[in-house]
Amino acid sequence: MERGKRIELARRIIAMAEANELEYCDEPAVELDIGRFVDRARFEKEKEVFFHNRAQLLAYSADIAEPGDYYATEIAGKPILLVRGRDGVARAFLNACRHRGVQLAEGCGKAASFVCPYHAWTFALNGDLVGVPSRKAFDGLLEDRGLIELPCVETMGFLLVHPQPDGAIDVDEFFGPIKEHLAGYHFENLHLVREFSTKARINWKHAVDGGVEGYHVPFLHPETVGPMTMQQFVHLDFGLHHTLVSVMPQIMELKDKPEEEWPEYCHFSVSNAIFPNSVVIAGEAMAIFQRSDPADHPGECNYIFRLYGWGKNPTEEERARNEYVADMLIKVAMDEDMKIQSNSQVMMEAGAVPSIILGRREQNVLRMHQNYDRLIGHDAAATLAADLPQAAE
């Protein structure tokens, strides 16, 4: 979203606040089945359709900013190694040695090469196999035994990866209409401040839902981000992708100022849910990357939460501020959001509720679930009708 459109949106929000109005979507509230969070067959189908056979927004360019930087992550259980080569090119590989399949790297860091801890097979940053102890013992079987490379595209500060070696990535098709919106936020101009990851006791969709739904903010976060956030949330629909615009009270100070004096982000942040499970956030203070990958069963995900400062060379004052904000946001994510989402997951698994309800201030969540259902051919109404009589018994 370029600056002119941000100013236009800010004026719309100011007008809503002055009129004490909130945004409600036109669609009616809906009731949905809870199988989307607990059903094993659906869970496996989602992994196949949403993750294993389509491109994923896997990281920011800042995660492998310099040659030799690497970042080990995954796509629904498939181990991925992102690497910045000596030539400056970002590449993606399956994170497994071609000898016995041992994982080569963990976490993130800097390397001159990747050495397997089992038998010391060595791979260059471009994936080539460059070292094998007792090479003559392998009788000519070492030809083309470099790391298995995956399609990888770097664009607008994002790294897109397809988990299949023969997959294809079309940037325009992947982003669709949200591409122009994201381009205005300069995600390419970031530096990593803090990273956090854990195995979370939630279905992967809980984390995505929470990232683009503001209805809960004043109630779940009354002493943290709640007081910093107005209730004039705005929802933007980009097809498969959705954006929540969250507003700080300082936006009201702008109405009497010349627009050329307005800050870059006009005192609001944007949380963008990029299908299927990445949430990229741009705010005045920081940028965030959140990803929730399906783990071993429907009630677990591998949760990634990484925080970034704007600019490549922060001052000491900026570093200190970024560290403070990062600490606060990680605490909010884990002690408030994750705690309540885990509670919801456990209650669903226990059969405590037969369904969930999404209201007209939760339109991003509703539309995302409509997309999920459509892409796997799930009939929510029929499933709910079949489930409710059993719940009544």
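We did not get these values from a lab; they are worked out from the coordinates using the rules stated. Owing to the predicted nature of the structure, the values given are computational and were not obtained by experimental measurement. With ideal geometry, Cβ positions are generated from the backbone for all residues, glycine too; neighbour counts draw on all protein chains shown.
Here is how the numbers come out for the structure above:
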{"item": "Derived scalar couplings ³J(HN,Hα) [segment 71-78; Karplus, 6.51 cos²θ - 1.76 cosθ + 1.60; whole Hz; x for Gly, Pro]", "result": "8, 9, 9, 7, 10, 6, x, 8"}
{"item": "Exposed trypsin sites (Lys or Arg not before Pro) absent: longest stretch of the chain, with sites in DSSP loops and at most 16 other Cβ within 10 Å deemed exposed", "result": "146-254"}
{"item": "Sequence-separation-based contact order of segment 258-393, relative, with Cα cut under 8 Å and 6+ spacing, percent", "result": "11"}
{"item": "Equivalent ellipsoid dimensions for segment 187-294 as semi-axes, Å, which come from the Cα gyration tensor, largest first", "result": "26, 16, 14"}
{"item": "Gyration tensor (Cα) of segment 118-168, equivalent ellipsoid semi-axes in angstrom", "result": "29, 12, 7"}
{"item": "Globularity index of the chain, i.e. its alpha-carbon radius of gyration over 2.2 N^0.38 Å", "result": "1.05"}
{"item": "Percent RCO, i.e. relative contact order, over the chain, from Cα pairs under 8 Å lying at least 6 residues apart", "result": "21"}
{"item": "Cα-projected label distance for Asn126 with Gln103, points at 7 Å along beta-carbon direction, nm", "result": "2.8"}
{"item": "Segment 56-168: Cα Rg divided by the 2.2 N^0.38 Å rule of thumb", "result": "1.04"}
{"item": "Rel. contact order, % - alpha carbon contacts under 8 angstrom, at least six apart, segment 56-168", "result": "26"}
{"item": "Ellipsoid equivalent to segment 26-92 - semi-axes via the Cα gyration tensor, in Å", "result": "35, 15, 9"}
{"item": "Euclidean distance between Cα centres, segment 130-179 to segment 1-51, Å", "result": "33"}
{"item": "Out-of-range pairs (alpha-carbon distance over 19 Å; input Lys179/Lys257; Lys45/Lys205; Lys5/Lys179; Lys47/Lys179)", "result": "Lys179/Lys257; Lys47/Lys179"}
{"item": "Computed helical MRE - 222 nm, the chain, DSSP H runs ≥ 4 contributing -39500 (n - 2.57), nearest 500", "result": "-7500 deg cm²/dmol"}
{"item": "Dipole magnitude (debye, nearest 20) for the chain, charges at Cβ of Lys, Arg, Asp, Glu", "result": "1060"}
{"item": "Rounded to 10°, Cα long-axis angle of helix 339-349 versus longest principal axis of the chain", "result": "80"}
{"item": "Within-13-Å neighbourhood charge of His162 [Cβ basis; K, R +1; D, E -1]", "result": "-1"}
{"item": "For segment 286-393, convex hull of alpha carbons as volume per residue, Å³", "result": "154"}
{"item": "Listed pairs Lys110/Lys136; Lys110/Lys339; Lys78/Lys110; Lys199/Lys312 exceeding 28 Å between Cα atoms", "result": "Lys110/Lys136; Lys110/Lys339; Lys199/Lys312"}
